[in-house]
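**Q** First, the structure itself, so that you have it in front of you.
What follows draws every value from the coordinates through simple rules; no lab data is involved. Because the structure is predicted, anything quoted here is derived from the model rather than measured. Note that we place each Cβ from the backbone using ideal geometry, even for glycine, and neighbour counts take in every protein chain shown.
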Amino acid sequence: MRLLSIGETATLLGVAVGTLRRWHRQRRLAPHGRTLGGHRRYLHDSVCASSKHAPPSSGKTICYARVSSYDQAGQLDTQASRLQRHCVDAGFADIEIVSYREYQAKSR
């Protein structure tokens, strides 16, 4: 019987710790028990079983790339392509890259 902390459980399920707390309040995923300090502990087998039934995550992934000077303009494209590659490798869907050149936005 392997017990997981709330952080380990969140990582395993790919959700935020706050989401696990909300699921507990909604009685969607209850912890197996609590430590003497009141920390939630989840059974590894239960978490793995519930992850198979979790709804697929949906939504848009927005990445932000920015530079602050004209000298860095070439780096903006590099940042954007790295962000795009990371999101694709991580399996995110519906990716949008937002770029910002601060030096263009400033008016004199």
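**Q** For the chain, what relative contact order do you get, as a whole percent, if you take Cα pairs closer than 8 Å and at least 6 residues apart?
**A** 24
**Q** Please work out how much length the chain gains when fully extended from L3 to A16, using 0.36 nm per residue of separation minus the C-alpha to C-alpha distance, in nm with one decimal.
**A** Contour length minus Cα-Cα distance gives 2.9 nm.
**Q** For L3, what is the net charge nearby, where nearby means another residue's Cβ is under 12 Å from its Cβ and Lys, Arg count +1, Asp, Glu -1?
**A** +2
**Q** If R₀ is 25 angstrom, what is the calculated FRET efficiency for the pair S68 and D94, using the beta carbon separation as r and rounding to 0.05? Kindly include the intermediate steps, with their values, before the conclusion.
**A** Details: r = 28 Å, r/R0 = 1.14.
Computed FRET efficiency for S68 and D94: 0.30.
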